[in-house]
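K.L.:
Dropping the structure in here first, questions after.
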Amino acid sequence: MPIFATPFAQLDLVRQPEQQDDPLQAFDAADEYLLNHLHEQGITGDTRILVLNDSFGALAASLAAHAQVTSSGDSHLGHIALQRNLARNQLDAGCVRFVPASERADGPFDRVLVRVPKTLALLEEQLIRLHGQLAPGATVVAAGMVKHLPHAAGDLLAKYIGPMQPSLAVKKARLLIATAEQKSAPSSPYPTRYQLDQPRLTLINHANVFCREGLDIGTRAFLPHLPRSLADIRAADLGCGNGVLGIVYALANPQAQMTLVDESYMAVQSAQENWRAALGDRPADIRAGDGLAEQPEDSLDLVLCNPPFHQQQVVGDFLAWRMFVQARDALVKGGELWIVGNRHLGYHAKLKRLFRGVEQVAATPKFVVLKASK
């Protein structure tokens, strides 16, 4: 396992979720560049540092023994990775304060280190929330690998923080260095809203929600084919996003006991608000989690899922496969997993390796809706 070595620490780090023989590292050259730059600038034990979007805790764990560190991000898996990597390196879990992206991180902060996220709307919302949270003379330094660092990220730093200067590229990574200046309080364009016609719903979408400007085409293909039952079914919307699948299912199935879970804190925040708007005080378990990893075995009758096919910049079916396994374990015998997926992903064959029976419920030129029975 490669060691992440910087002037602050030498750390043995793992990604989350862990994979056997995972070829990917829990850090990259952009993390190294950020920490080397910070070391050159100098910090003390009293320096208040905010770390944003630290995917697996490499930045926060490196700084934990050297400053007052707050870490904030939208990934529950990222939070788990931070906790596990602190413990893995004999660092006190309490030495880093974690704030979900659905909440504001209260400063003031002397330094802000940012890993530029895939969704620039998340970056924009995070920069907006820094207003009034920066100490005099504070700097905000964003980093990314050059191939994943859009020009618009620098524009956002200049707009919301102050004068921005890009660094030279080092090991294919680059820094965007902004010095805080007095600006009037910005207004946020988030959350956004869109209308669903059938059933008639207005859906709230916080900044990092997938397809926040409109219903994604996979879900659109899935909704007309959701199962219906008047029974007291225990159902889960796995990877719920803004909650649309679970909410539409619940409206058509008034006796269903619903669980909605997502690893994005902003998705869960959106799902909670949308549930209240559509279903009032009807009980539901809506939570951030590592999929159904915490769900007891044999505790669900039905799982609905529109699985993701990427984690940050990494594309693949590992997360989807993991969600299918979690669903199988949580379902009772005879329980069903209903999914929608792109035809070319071959989910039908994958599900046959896990479930007793798999059948195609519906299809469009691009998507298939599948039912897998335990």
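The values are calculated or read from the model by the stated rules, or taken from the named source; none is laboratory data. Since the model is a prediction, treat every value here as computed from it, not as a measurement. No Cβ is skipped: glycine too gets one built from the backbone with ideal geometry, and neighbour counts run over all protein chains shown. The accessibility values were calculated without ligands, DNA or RNA, using every heavy atom of the protein model including side chains. Shrake-Rupley method; radii C 1.70, N 1.55, O 1.52, S 1.80 Å.
K.L.:
Can you tell me which residue within segment 98-120, out of those that are of a type in the set (D, E, K, R) and under 18 Å from the mean Cα position of the chain (by Cα), is least open to solvent (accessible area, probe 1.4 Å)? Spell out the reasoning first.
P.N.:
Pass one, segment 98-120, residues of a type in the set (D, E, K, R): 103-104, 106, 110-111, 115, 118.
Of the ones still in play, those that are also under 18 Å from the mean Cα position of the chain (by Cα) are 103-104, 115, 118.
Working: E103: 104, R104: 114, R115: 36, K118: 111 Å².
The residue in question is R115.
K.L.:
As an exercise: evaluate N53 against (1) under 26 Å from P186 (Cβ atoms); (2) touching a helix residue (DSSP H, G or I) at 6+ places or on another chain (Cβ under 7 Å) and give the number of the one condition it does not meet.
P.N.:
Failing condition for N53: (2).
K.L.:
Further, regarding this structure: State which residue pairs qualify: first residue touching a residue at least 24 places away in the same chain (Cβ under 8 Å) and inside segment 86-106, second residue exposed (fewer than 14 other Cβ atoms within 10 Å of the Cβ) and in a loop (DSSP other than H, G, I, E, B) in any location, beta carbons under 9 Å apart, and separation of 6 or more residues or different chains.
P.N.:
L86/D92; V99/D106
K.L.:
Additional query: Do we have A330 as under 30 Å from L149 (Cβ atoms), at pLDDT 95 or above, among the aliphatic types (A, V, I, L, M) and touching a strand residue (DSSP E or B) at 6+ places or on another chain (Cβ under 7 Å) here? Lay out the reasoning, then the answer.
P.N.:
On the way: under 30 Å from L149 (Cβ atoms): no; at pLDDT 95 or above: yes; among the aliphatic types (A, V, I, L, M): yes; touching a strand residue (DSSP E or B) at 6+ places or on another chain (Cβ under 7 Å): yes.
No: the conditions fail for A330.
K.L.:
Given the condition of a type in the set (A, V, I, L, M, F, W, C), without any contact (Cβ under 8 Å) to a residue 40 or more places away in the chain and open to solvent by 30 Å² or more (accessible area, probe 1.4 Å), answer yes or no: does some residue in segment 326-344 qualify?
P.N.:
No, segment 326-344 contains no residue that is of a type in the set (A, V, I, L, M, F, W, C), without any contact (Cβ under 8 Å) to a residue 40 or more places away in the chain and open to solvent by 30 Å² or more (accessible area, probe 1.4 Å).
K.L.:
Here's a check for you: in segment 238-281, which residue that is surrounded by fewer than 20 Cβ atoms within 10 Å (Cβ to Cβ) and in contact with a helix residue (DSSP H, G or I) (Cβ under 7 Å, 6 or more places away or on another chain) is farthest from L196 (Cα to Cα)?
P.N.:
Narrowing segment 238-281 to residues surrounded by fewer than 20 Cβ atoms within 10 Å (Cβ to Cβ): 251-252, 254-255, 257, 272-273, 276-277, 279-281.
Now drop any that are not in contact with a helix residue (DSSP H, G or I) (Cβ under 7 Å, 6 or more places away or on another chain), which leaves 251, 279.
Values: L251: 13, L279: 15 Å.
Filtering first and then ranking leaves L279.
K.L.:
So if I check each of P307, P296, which one is assigned to a loop (DSSP other than H, G, I, E, B), under 23 Å from A250 (Cβ atoms) and without any contact (Cβ under 8 Å) to a residue 60 or more places away in the chain?
P.N.:
So the residue among P307, P296 that is assigned to a loop (DSSP other than H, G, I, E, B), under 23 Å from A250 (Cβ atoms) and without any contact (Cβ under 8 Å) to a residue 60 or more places away in the chain is P296.
K.L.:
Considering only segment 189-204, state which residues are touching a residue at least 60 places away in the same chain (Cβ under 8 Å) and surrounded by 14 or more Cβ atoms within 10 Å (Cβ to Cβ).
P.N.:
Y190, P191, L201, L203, I204
K.L.:
Here is a list: A173, A185. Which entry is modelled with pLDDT of 95 or more, of a type in the set (G, A, S) and either closer than 28 Å to N36 by Cβ or open to solvent by 70 Å² or more (accessible area, probe 1.4 Å) (or both)?
P.N.:
One residue alone meets the criteria, A173.
K.L.:
Restricting attention to segment 85-97, which residues are surrounded by fewer than 19 Cβ atoms within 10 Å (Cβ to Cβ) and of a type outside the set (A, V, I, L, M)?
P.N.:
Across segment 85-97, the qualifying residues are R88, N89, Q90, D92, G94, C95, R97.
K.L.:
Restricting to segment 17-43, and then to whatever is charged (D, E, K, R), on the phi < 0 side of the Ramachandran plot and open to solvent by 40 Å² or more (accessible area, probe 1.4 Å), can you tell me which residue is farthest from the chain's Cα centre (by Cα)?
P.N.:
Let us first name the residues in segment 17-43 that are charged (D, E, K, R), namely 18, 21-22, 28, 31-32, 40.
When the remaining residues are screened for being on the phi < 0 side of the Ramachandran plot, the result is 18, 22, 28, 31-32, 40.
Narrowing further to those that are open to solvent by 40 Å² or more (accessible area, probe 1.4 Å): 18, 22, 28, 32, 40.
On the way: E18: 16, D22: 20, D28: 19, E32: 23, E40: 31 Å.
So, considering only residues that are charged (D, E, K, R), on the phi < 0 side of the Ramachandran plot and open to solvent by 40 Å² or more (accessible area, probe 1.4 Å), the one farthest from the chain's Cα centre (by Cα) is E40.
K.L.:
Answer yes if at least one residue in segment 56-79 is open to solvent by 20 Å² or more (accessible area, probe 1.4 Å), assigned to a helix (DSSP H, G or I) and either out of contact with any strand residue (DSSP E or B) (no Cβ under 6 Å at 6 or more places or on another chain) or at pLDDT 95 or above (or both), and no otherwise.
P.N.:
Yes - at least one qualifying residue is present in segment 56-79.
K.L.:
Quick check on D46: is it touching a residue at least 24 places away in the same chain (Cβ under 8 Å), more than 30 Å from H206 (Cα to Cα) and surrounded by fewer than 23 Cβ atoms within 10 Å (Cβ to Cβ)?
P.N.:
no
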